[in-house]
Amino acid sequence: MKSRTNSLAARLFLSATAWVVLILLATGIVLSAVYQRSVERAFDRRLNFYLRTLIAEAEAPDDPNDKDKDKNPPVQSLGEPLFELPLSGWYWKMERVDGKKPEVRASRSLWDASLPKLEERGVELNQSGVRIAYVDGPEDQHLRMVERPVDLGAEGKFLATVAGDSTEITEETRTFDYYLAGTFAALTLGLLLTTLFQVRYGLAPLKRISRALADIRSGNAERLEGEFPNEIAPLARETNALLDANRAIVERSRTHVGNLAHAIKTPLSVIVNEAGQHGHDPFAQKILEQAGVMRDQVAHHLERARIAARLTTIGTVTEVNPVIEALRRTMEKIHRNRDLIIDVETHGEAKFRGERQDLEEMAGNLVDNACKWAEGRVFIEVNIEEPSPGDLGPTIHIIIDDDGRGLTHAERAQVAKRGQRLDESKPGSGLGLAIVSDLATLYGGQLRLGSAPIGGLRAELELPGV
């Protein structure tokens, strides 16, 4: 449950991170494009201002009193010193286009270079009557250029052109992008930290429920306790209601099993008593035999029903080592006249996910069987196998070896059957190993029989742990 909660938190954080990054990236691209367009419009207004100034200067009538007008053309700098600096990236040009004698006037910055014509490149006039586009200029300069056809009446038709270095647009946009990237990086970090805090804080109640459910499963608690947020409180209430309903069902099942046992055992006892009064009658002997079989079968199936009901109880946990130690002491007292050695070796604090009386019944049958058949030694070992991915908990291995004669493969298959015995000289009903196998199966475990390293039979019991 904890790993699933952590996985949910990771998925939420990664999802939020992806959305934050995508939104900020898209916003940054849009803002950069908008700012670049804004800088470009400001640059175009500047070019249009120079263009209008150029046209106004060209349209101004000549001063008849100016004796040096041929030496001092009316248009030169347009208020921008860069038009005077050779190959500065800022240029203007007035070129006659009416077919009369060629006439070109240009800024000193153009020097002996030339500018392309936008009309020849297929650029259409816009609503303001000008053409505007990016072009390559002298010295591989990248220019933003605007041109406009001008009719000066008697003086003829001209094409007025003004170009400026578009590096200003690029540098201005790049500077903005740097600041924008830094700002968005800090904003992204802040949002991610905020999201991480919100995810961890928002999922904290789920982690509390996860820990509480783990305590219930391990037997340390019976209900979900504590205050939960309004969004989580219904889950806690329904979980507690489910636990209560589960316990009620188990109690009813136990009651029904007890009533059924009493209802069946009483008629069987009457039958046995009546048949016992005619002990020499073959018919009575047959009734007693079949009544014994019925008792065994009823006891077996009632025991299965009792365990199945008990297995639905959540949170029942039994420590294994104290049970094994108690069995060792009991068996040493029972077999004290045989000088039987019973060694126990445990690894870790093993905990069985089930009730103590069931563990005592399973382990007790196996240890008792080993002590009956051992020559002089019984060895009991308890191991814990760590859970594999997807398992609810570890697996408990209880291994019981004896140094008796052991069993062949066919004999091991025979004794595992209910009521089968290889030696009638030993006390017992022949139900022990079958009961152990049934109980282990009901708990999701298993019983395996094999050969012990010390010479006799090995019984290995696998049970679910905590």
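The values are calculated or read from the model by the stated rules, or taken from the named source; none is laboratory data. What you are looking at is a predicted structure, and each value in this text was computed from that prediction instead of being measured. Heads up, the Cβs are rebuilt from the backbone with ideal geometry, glycines too, and the neighbour counts pull from every protein chain shown.
Descriptive notes on the structure:
- Every pair of residues 6+ apart whose Cβ atoms lie under 6 Å, when the first sits in the stretch 221-237 and is more than 19 Å from residue 203 (Cβ to Cβ) while the second is surrounded by 10 or more Cβ atoms within 10 Å (Cβ to Cβ): 221/215; 223/240
- Residues in the stretch 183-210 that are of a type in the set (Lys, Arg) and exposed (fewer than 14 other Cβ atoms within 10 Å of the Cβ): 200 only.
- Among the candidates 17, 53, 27, residue that is within 20 Å of the chain's Cα centre (by Cα), surrounded by 12 or more Cβ atoms within 10 Å (Cβ to Cβ) and either among the β-branched types (Val, Ile, Thr) or at pLDDT 85 or above (or both): 17
- Matching residues in the stretch 401-419 - criterion: being part of a loop (DSSP other than H, G, I, E, B) and modelled with pLDDT under 70: 416, 417, 418, 419
- Hits in the stretch 163-187 (condition: acidic (Asp, Glu), in contact (Cβ under 8 Å) with a residue 60 or more places away in the chain and outside any strand (DSSP E or B)): 168, 172, 177
- Residue 146 vs. criteria farther than 30 Å from residue 30 by Cβ and not aromatic (Phe, Trp, Tyr): no
- In the stretch 188-213, the residues that are without any contact (Cβ under 8 Å) to a residue 24 or more places away in the chain and within 24 Å of residue 238 (Cβ to Cβ) reach residues that are among the hydrophobic types (A, V, I, L, M, F, W, C) and not in a helix (DSSP H, G or I) with C-beta atoms within less than 6 angstrom, at least six apart or across chains, in these pairs: 212/224.
- Count of the stretch 344-359 residues, restricted to those that are outside any loop (DSSP other than H, G, I, E, B), among the charged types (D, E, K, R) and over 14 Å from residue 316 (Cβ atoms), is 1.
- Of all the listed residues (398, 384, 324), the sole one being of a type in the set (A, V, I, L, M), in contact with a His (Cβ under 7 Å, 6 or more places away or on another chain), at pLDDT 90 or above and closer than 30 Å to residue 213 by Cβ is 384.
- Identity of the residue in the stretch 163-173, over 21 Å from residue 113 (Cα atoms) and surrounded by 13 or more Cβ atoms within 10 Å (Cβ to Cβ), that ends up nearest to the chain's Cα centre (by Cα): 173
- Some residue of the stretch 141-162 being touching a residue at least 12 places away in the same chain (Cβ under 8 Å), surrounded by fewer than 15 Cβ atoms within 10 Å (Cβ to Cβ) and within 30 Å of residue 243 (Cα to Cα): no
- Here the stretch 117-136 is the region considered, the condition is being assigned to a loop (DSSP other than H, G, I, E, B) and touching a Ser or Thr at 6+ places or on another chain (Cβ under 9 Å), and the residue that is farthest from residue 43 (Cα to Cα) is 117.
- Residue selection: residue 252 fails the criterion of being surrounded by 12 or more Cβ atoms within 10 Å (Cβ to Cβ) and not assigned by TED's automatic domain parsing to the domain that holds residue 19.
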